[in-house]
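Everything below concerns the one structure shown next.
The values are calculated or read from the model by the stated rules, or taken from the named source; none is laboratory data. The model shown is predicted, which means the values in this text are computed figures rather than measured ones. All Cβ positions, even for glycine, are placed from backbone atoms using ideal geometry, and neighbour counts span all protein chains on display. Heads up: the accessible areas ignore ligands, DNA and RNA and are worked out on the full protein's heavy atoms, side chains in. Shrake-Rupley method; radii C 1.70, N 1.55, O 1.52, S 1.80 Å.
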Amino acid sequence: MKKSLLLSLFLIFGISVPLILAQSNAVITGRVSDGILPIAGARVIIQADTAWVTTDSQGRFRLPVDRYRSNPVPVMVGKKGWFNGSWRLEKGRRNAELILAPVPQGDNPHYRWIDPAPSSGGMMGTMMGGGSQTCGSCHENYYDWWKESSMAKTTRNQRVLDQYKDAGAARKICADCHAPAAAVQAPGQTDLLKVAQQGGVETEGVFCDFCHKIKDVKVSFKPGVQTLKFSRIERPSRRLGMMSTRPVMAYGSLADVVTPPMAAGFNPALSKSEFCSSCHLNGRELPGKKTWDYKAVYPDASPEEFQNGRIVPNQWTYREWKNWQESLAANDPNKGQQCQDCHMNWTQDMLPYDKYIVRSAGGGMMNIMIRRLRVRRDPSTIHPHKFEGATVKRLQNTAFLLLRPSLQGNRLSVMVSVTNTNAGHRLPTGVTFRNMLLLVQATDSTGKILSQTGGPKIPEWAGKGSPGKGNYAGLPGVGYARITADDHGNINVPFWEATKIVQDNRLVPRKQDVQNFVFNAAKTRNYITVKATLIYRKSFKKMADKYGWDTGDVVMEKTSKVVYK
Amino acid sequence: MRIISIAFSIALLVLISALNLVAGEITGTVTVKGAADNGGAVVYIAKNKDMKFPAPVQEPAMNQKNLKFAPHVLPVMVGTTVKFKNNDKVAHNIFTPSPAGDMFNLGTWKGDQVKTHTFNKSGEVVLLCNLHPEMEGFIYVAPTPYFAMTDATGRYKIENVPAGSYTIKVWSEHGNARPQKVKIPEKGTVTVNFTVK
């Protein structure tokens, strides 16, 4: 009898109580609408969570809530074309009616871009509306990361400006990517040099407000601003307590940020590779009805990629990524990775992880206020705007070298494999003058260099003359590049003059290139040291010499092996 | 039954002491030229035809924290299953381009899940992350159970090596060292020093 009582008690409290707890307050339901009509496909999320639900065709949602979460719950809603909405809802709330405000249609061509640099008034100035509203005043870390990136330097890059002076009529499109905030007024017609010299926010390259005002990107070989649709709008002033605010409309990749004076609009386009394609997909349309034989260089390319040979590729990084992605099986771990996943991700020098999108408030009372307001986030929902691309650190971690020497009598055979391990596009990528050199050298125990008797040699474009001055042509090794040409037999011509590509052996993502070298080991005793070095160059040697640039050599990888006789 | 177990214990004891009697140790220093310190070099006995040893039972862990592999170098014996953990606040995707690691790719994950890979080929396995290119770590798969990793000063010690003649090799991410031949006596210590350059 006692046993059965205990059992009953256990059954009641041991099983049903947790069940009740698990069920109570576990769900919030409701509908998202514009006040009348439902909004389908909206993201409904508890602020700073990493999971969310999406509204159905009736705008309805069912949002599970962790029962340990404090009450009420900050529920946020985002959908492209609408300002993010924010509510505090009681756990277990049923039939909540959440109404979103639309981002106004249209685009204001007279819009004045917001300066990225922190203003002297800090957040106080921004809040009061009297000082200038700048991004860096509150998003301190984002600004610092961006400022050091090449995105901030596109307009004043001396290498770009040097070539600009020589580019003739073709140069009128340069600003479309290099000074897009100015070029948007006159696409294909803007003088980059003039913009670079005049100063002002348009000189800041690709900056915060520019990208966060982009509504849509059309994937096209056309440059930068010619592919973009904007929502350059300002909302009228409104009063918030004692302060007058001028909300700043900004598109972003998060549906769960609503911090006055910002008026954020969720736009998932910012998290997709297509967004980057605006500038990182660009080719030259051949004049007249001319075409080039793309099948000779890219036998697997679809006719659409180069528009049946009408387009000669220049910046083709987006397409290289897309071709790679399409080649992957559905269950491949790399499937679905976007540009932003690698180029807007954490690096060791940024640690400890930041948990706040808003960091600074310019000091004093405002800092105390904002510290109370800001929301702790999971670092995986924060995307550092450092845009590491061909930086030294990144280059040193992108390729993998494997070296296998073997000695048979007087013959030293060396197998070298080079793998593009970490780039989701070809290596090197970018404009046509980027290149990469694999140097292979064998020396005996006295330091004497062994002569090459077989295998590839570095091509002429790596520079003829003294190797001490960076001229490596003729040495044992391989040159990886995309070689442009014109109709007069010239190679390595600038991309704005190229009528074809004649060779492209740059490394495809995750693929290895295997090369075999043979050296004469007849006179060696003791041991032989074999070295392989992979070097990245920003430009071809001839071009660097012409403009007085250094080639920007970066040793990406090196390895050595010793063979004993 | 009891007699059998006592006999077994005695036999085991005799076996262990016999093993101890004919086992020596190898110690020494590895100097790694051009590196911050002399740590992380793996000294191991190369396999010869006569060597036989049981399969490894331990499953050591390779962790990921603060965008780094921890430890930076993990030496294991061939046949070892390594547990891969992510104690970081962000997702990682470990993979290797190295043949000794069968070019595995563990996919992207975050949180408590533990993934494993069994290393059946000896050699260097470089560990990389698809999402954080600067992350680099190493697993060195030694061909025999007789291996040790140097501390920051370069010291190492390989214990319980059966008496015999061997070739000792060194792996380091920083370069190469000349292999050396040694004779291990039935008891005692042999000192072997290396320079990696």
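Under the definition of Cα pairs under 8 Å and six or more residues apart, what whole-number percent is the relative contact order of chain A? Display every interim value, and only then the final one.
Values: 1207 pairs, mean separation 63.1, N = 565.
Taking the mean separation of contacting Cα pairs over the length of chain A, I get 11 percent.
Seen from A:Ala169, the other residues with C-beta closer than 15 Å to its C-beta sum to a net charge of -1, counting Lys and Arg as +1 and Asp and Glu as -1. Legend: Rg and Dmax of the protein assembly as shown, from Cα coordinates, 31.6, 104 Å. Just to confirm a number: summing +1 for Lys and Arg and -1 for Asp and Glu over residues other than A:Ala117 whose beta-carbon lies under 10 angstrom from that of A:Ala117, what do you get? Spelling it out: positives minus negatives among the neighbours equals -1.
Taking each residue as 0.36 nm, the span from A:Asp56 to A:Lys565 lengthens on full extension beyond its C-alpha to C-alpha distance by 175.9 nm. Look at where the Cα atoms of segment A:311-333 and of segment A:451-477 average out, and the two centres are 31 Å apart. Computed on segment A:215-350, the Cα convex hull volume stands at 161 Å³ per residue. Taking every lysine pair in segment A:484-565 that is 8 or more places apart or spans two chains, those with Cα atoms closer than 18 Å amount to 5. Sparse packing (at most 14 other Cβ atoms within 10 Å of the Cβ) combined with a DSSP loop state is found for the following trypsin sites (Lys or Arg not before Pro) in segment B:27-106: B:Lys33, B:Lys49, B:Lys52.
Give me the percent relative contact order of segment B:54-143, please, defined on Cα pairs under 8 angstrom at least 6 residues apart. Please list the in-between numbers first.
Values: 228 pairs, mean separation 29.0, N = 90.
Taking the mean separation of contacting Cα pairs over the length of segment B:54-143, I get 32 percent.
Can you classify segment A:392-564 as rounded, prolate or oblate using the Cα gyration tensor, where a ≥ b ≥ c are the square roots of its eigenvalues, rounded means a/c under 1.5, and otherwise it's prolate if a/b beats b/c and oblate if not? Let's see the in-between values first.
Details: a/c = 2.05, a/b = 1.68, b/c = 1.22.
Verdict is prolate for segment A:392-564.
Here segment B:27-104 is treated as an ellipsoid with the same Cα gyration tensor; its semi-axes, largest first and in whole Å, are 26, 20, 12.
Inter-chain Cβ neighbour count for B:125-132, averaged per residue, equals 4 (cutoff 10 Å, partner chain atoms only). Here the average projected area of the convex hull drawn through the C-alpha atoms of segment A:373-493 stands at 13.4 nm². Based on protein heavy atoms only, segment B:54-143 ends up with 38 Å² per residue of surface accessible to a 1.4 Å probe.
For segment B:54-143, what is the Kirkwood estimate of the hydrodynamic radius, computed as the reciprocal of the mean inverse distance between distinct Cα atoms, to one decimal in Å? With all distinct Cα pairs of segment B:54-143 included, I get 12.8 Å.
For A:Glu90, the solvent-accessible surface with a 1.4 Å probe is about 100 Å², rounded to the nearest 10.
Could you pull the accessible area for B:Phe194 with a 1.4 Å probe, rounded to 10 Å²? Ignoring ligands and nucleic acids, B:Phe194 comes out at about 10 Å². For segment A:24-99, taking the reciprocal of the average inverse distance between every pair of different Cα atoms yields a Kirkwood hydrodynamic radius of 12.1 Å.
Beyond 19 Å, what percent of the Cα pairs of segment A:467-565 remain?
Summing the P(r) tail past 19 Å for segment A:467-565 gives 59 percent.
Applying the criteria of a DSSP loop state and at most 14 other Cβ atoms within 10 Å to the trypsin sites (Lys or Arg not before Pro) of segment A:43-117 yields A:Arg67, A:Arg69, A:Arg94, A:Arg112. Rounded to the nearest 10 square angstrom, A:His343 shows an accessible area of 60 square angstrom against a 1.4 Å probe. Across segment A:261-407, how many lysine pairs, 8 or more apart or on two chains, come within less than 20 Å at their alpha-carbon atoms? Step by step, the pairs that qualify in segment A:261-407 add up to 6.
Taking a Cβ cut-off of under 14 Å around B:Thr81, the surrounding Lys, Arg, Asp and Glu residues balance to a net charge of +2, with basic ones at +1 and acidic ones at -1.
So which GluC sites (Glu not before Pro) in segment A:252-327 end up in coil per DSSP with only 14 or fewer other C-beta atoms within 10 Å?
Values: sites: A:Glu274, A:Glu285, A:Glu304, A:Glu305, A:Glu320, A:Glu326; in loops: A:Glu304, A:Glu305.
Counting only loop positions with at most 14 other Cβ atoms within 10 Å, the GluC sites (Glu not before Pro) in segment A:252-327 are A:Glu304.
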